[in-house]
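Shown next, in structure tokens, is the structure this report addresses.
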Amino acid sequence: MALELRDTPDGLTLRVRVQPRASRDALGGEREGALVVRLCAPPVEGAANEALVRLLGKTLGVAPSAVRVVKGLAARSKLVAIAGLDAATARERLGA
């Protein structure tokens, strides 16, 4: 199954599955259309969401302010919006 990236008027949306409290921050491939992201941060007080935003910004070459969690703030499955980037470019930068 391919990574689910959708173009929007402002950029794109991406489904993400977060695994908090991992040994290091890293992308873990794809699972059921969602990007698997392993984060050191615990899922407490938004720490994992902040780490996710920083990691995706760095990986995709956009400012962290261009990345925001749209759905799933308190869940492992999230929908993330990334401004100023199209799906084709994001797929290339993610190596998907």
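Accessible surface of the chain, 1.4 Å probe: 49 percent of it comes from carbon and sulfur atoms. Full extension of the chain segment joining A22 with D7 gains 2.4 nm, where the gain is 0.36 nm per residue of separation less the Cα-Cα distance.
Helix 47-60 and the long axis of the chain differ in direction by around 30°, with both axes built from C-alpha atoms. Seen through its C-alpha gyration tensor, with square-root eigenvalues sorted a ≥ b ≥ c, the range 41-96 comes out prolate because a/c lies at 1.5 or above while a/b is bigger than b/c. Of (1) 43; (2) 37; (3) 55, which is the value of percent of Cα pairs over 18 Å apart derived from the coordinates here? Of the labelled values, this structure produces (2). Averaged over its residues, the chain has an accessible area of 57 Å² per residue, based on protein heavy atoms and a 1.4 Å probe. Calculated mean residue ellipticity, 222 nm, the chain: -7000 deg cm²/dmol, from DSSP H runs (n ≥ 4) at -39500 (n - 2.57) each, averaged per residue and rounded to 500. For the chain, DSSP calls about 80 percent of its internal beta bridges antiparallel.
The values are calculated or read from the model by the stated rules, or taken from the named source; none is laboratory data. Note that this is a predicted model, so its numbers are computed, not measured. Areas reflect the complete protein model, heavy atoms only, side chains present, ligands, DNA and RNA absent. Shrake-Rupley method; radii C 1.70, N 1.55, O 1.52, S 1.80 Å.
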